[in-house]
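The structure appears right after this line, and notes come after that.
The values are calculated or read from the model by the stated rules, or taken from the named source; none is laboratory data. Here the structure is a predicted model, which means the values were calculated and not measured. Here Cβ is always computed from backbone atoms with ideal geometry, including for glycine, and neighbour counts include all displayed protein chains. When the accessible area is computed, the model is the full protein with side chains, heavy atoms only, and any ligands, DNA or RNA have been set aside. Shrake-Rupley method; radii C 1.70, N 1.55, O 1.52, S 1.80 Å.
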Amino acid sequence: ANFPEPLQAAATARAMFGCLASSPCGATAPSSAKRNASDPEPLVLSGDQVPIAIPTILAIGQAHFTSQCIYTIVKLSIPDMIGNGKRTVEEIADHLSETVNKDYLQRCMRLLSLVGIFEEIGGPNGEFMFGLTPAGALLQTKAPQPSVACGMLHWMEKPMWNAWSELSNAVAGTSPHQIPFNSANSMPVFDYYAQHPESAEHINQLMSFLTVGELPFVLEQAEWDKLSGKTVVDVGGSLGDVMGAVAEKFPEIKCVSLDLPEVIEKVENPPAGVQMEKGDMFDASTIPTCDVIFMKHILCGWNDEDSDKILRSCYAALSAEGKVIIADPILPGPGHISTKDAQSLYLDILMLVSGGKERTRKMWEELVAKAGFKVVEEKQTGHASCQLLVLEKLDSPGHDRPGHDSHAPGTPVLHSPLHKQQL
């Protein structure tokens, strides 16, 4: 049978636990703590609410079961083995090592059939057979279409997975490191991936995947046609993909893609019309003088203190009338959360675990003002993870100009070994 609904498990749980609404078991559910007089009144559910709430929270709490099963089948390349056909577990196992546990594999694939990754059917001899659903097809790595296998490998492999177990300590303030990833791996995220290129490859592929989806919105919404004759520097531009697309469509713009030397040295065939520049966004002296600085998914990878340093470097590199274009999610303000914000909020928690953060409009305004900028325009592109903010330099004479003190814009700071776009 095919289970197209991702939360089919919730329906099963509802059938299992619906008795709690009318059964004495609902009144004798275990409690781990006694209420104190100073505690607020608990929210007590009605009999009708209980059988709905229980399967809902169970489905949410069990989501990691699914995540690890996805990681397992992607790591074993099973979606590529199935392709456009139907395969038994025996047939799949023939392509794996002799040590594969067929029983474990089958059980993982049955759960993934429940949530919509596989389609499970009965074979002619009563055996289990599995095919790919459209969602499962995106876990292939050899098909002429986007693949999200890199995301599954990045999110669920041990360095990132173990970081989640440190989240509660980080929130409680009891962790020796403020950042969960640092606690789990004894080093910052960029340092870790610098030392483990096989893991870094997963995140690099994921960033490329995101760029492909976001690029049409960036090209359409950033008003590049108004920048004729200007110099634009993509700070943290990786292999130059964004500037390459801009140069192709707007050849009258001088496009520069800046990144760390070790990243630029990997570029064998630079995009046409793009100047590849070695530099460090934390060191203003390495950023070419320009009219516009573009940054996509850069500042979200850093905390406010480091983001301020990056912005101050940008300030020093820009002309007097220069602008900064930031392409990042803009989180909703208080009381305005909706389902359309799901991707941005998931990204924010991912950034929390690794040391960065997404920001609301107010947070952005406060952050950039400290570095000498103001937000002059916000563009909702229609892409959940890529809105645009346009910054200009503040006119206030009270703002510290470069060279005034050790924290002024343009002051070189500690070199960052890696950044978010290419690891």
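Name the residues whose placed amide hydrogens come within less than 5 Å of the amide hydrogen of Cys386, ignoring near sequence neighbours (fewer than 5 apart) on the same chain.
HN-HN under 5 Å from Cys386: empty list.
In nm, to one decimal, how far is the modelled label at Arg361 from the one at Glu248, with both set 7 Å along Cα→Cβ?
If labels sit at Arg361 and Glu248, their model points lie 3.4 nm apart.
My understanding is that a pair violates if its Cα-Cα distance is over 28 Å; which of Lys254/Lys393; Lys266/Lys309; Lys230/Lys278; Lys158/Lys309; Lys254/Lys357 do that in this structure?
Lys158/Lys309; Lys254/Lys357
Using helices alone, I'd like the mean residue ellipticity at 222 nm for the chain: each DSSP H run of four-plus residues gives -39500 (n - 2.57), total over residue count, nearest 500.
Calculated from helices alone, the mean residue ellipticity at 222 nm is -11500 deg cm²/dmol.
Putting +1 on Lys and Arg Cβ atoms and -1 on Asp and Glu Cβ atoms, find which of Asn182, Gln195, Ser208 reaches farthest to the positive end of the dipole of region 170-227.
Value: Asn182.
How large is the accessible surface per residue of region 205-249, computed with a 1.4 Å probe and reported in Å² as a whole number?
43 Å²
Would you mind working out the accessible area per residue for region 255-364, using a 1.4 Å probe, and quoting it in Å²?
41 Å²
Got a sec? Charge dipole of region 296-348, +1 on Cβ for Lys and Arg, -1 for Asp and Glu; which of Leu311, Gly322, Thr339 is way out at the positive end?
Gly322
Find me the longest stretch of the chain that has none of the exposed trypsin sites (Lys or Arg not before Pro), where exposed means in a DSSP loop (not H, G, I, E or B) with at most 12 other Cβ atoms within 10 Å.
With trypsin sites (Lys or Arg not before Pro) excluded where exposed in loops, the chain gives 267-423 as its longest stretch.
Explain nothing, just the number: dipole magnitude of the chain about its Cα centre with +1 on each Lys and Arg Cβ and -1 on each Asp and Glu Cβ, in debye rounded to the nearest 20.
Roughly 740 debye, rounded to the nearest 20.
Could you tell me the center-to-center distance, by alpha carbons, between region 46-63 and region 319-375 in angstrom?
Going from one Cα centre to the other spans 33 Å.
Counting other Cβ atoms within 10 Å, keep those with at most 13, restrict to DSSP loop, and tell me which GluC sites (Glu not before Pro) in region 338-390 are left.
none
Between Ser165 and Phe65, how many nm apart are label points set 7 Å from Cα along the C-beta direction?
According to this spin-label approximation, the distance is 2.0 nm.
Show the residues, 5+ positions off or on another chain, whose built amide H is closer than 5 Å to the amide H of Phe373.
Leu394
When we measure straight from the Cα of Lys86, which lysines land under 25 angstrom away, once same-chain ones fewer than 8 places off are left out?
Lys75, Lys102, Lys142
Give the carbon-plus-sulfur fraction of the accessible surface of the chain in %, rounded to a whole number; probe 1.4 Å, heavy atoms of protein chains only.
C and S atoms contribute 55 percent here.
Summing Lys, Arg as +1 and Asp, Glu as -1, what charge do residues with Cβ under 14 Å from the Cβ of Lys86 carry, Lys86 excluded?
It works out to a net charge of -4.
Work out the FRET efficiency for Lys340 and Ser228 from their Cβ-Cβ distance, taking R0 = 35 Å, and round it to the nearest 0.05.
Once the sixth-power term is evaluated, E becomes 0.55.
May I ask you to evaluate 6.51 cos²θ - 1.76 cosθ + 1.60, the Karplus curve with θ = phi - 60°, for each residue of region 57-65 and list the ³J(HN,Hα) values in order in whole Hz, giving x for glycine and proline?
Coupling constants for region 57-65: 5, 5, 4, 5, x, 8, 4, 5, 4 Hz.
Which Rg and Dmax, in Å, describe the Cα atoms of the chain?
Cα-based Rg and Dmax for the chain come out at 25.1, 82 Å.
Spelling out what I want: for every residue of region 39-52, take phi, set θ = phi - 60°, compute 6.51 cos²θ - 1.76 cosθ + 1.60 (Karplus), and round to whole Hz; glycine and proline get x.
Using θ = phi - 60°, the values come out as 5, x, 4, x, 7, 9, 7, 7, x, 6, 7, 4, x, 8 Hz.
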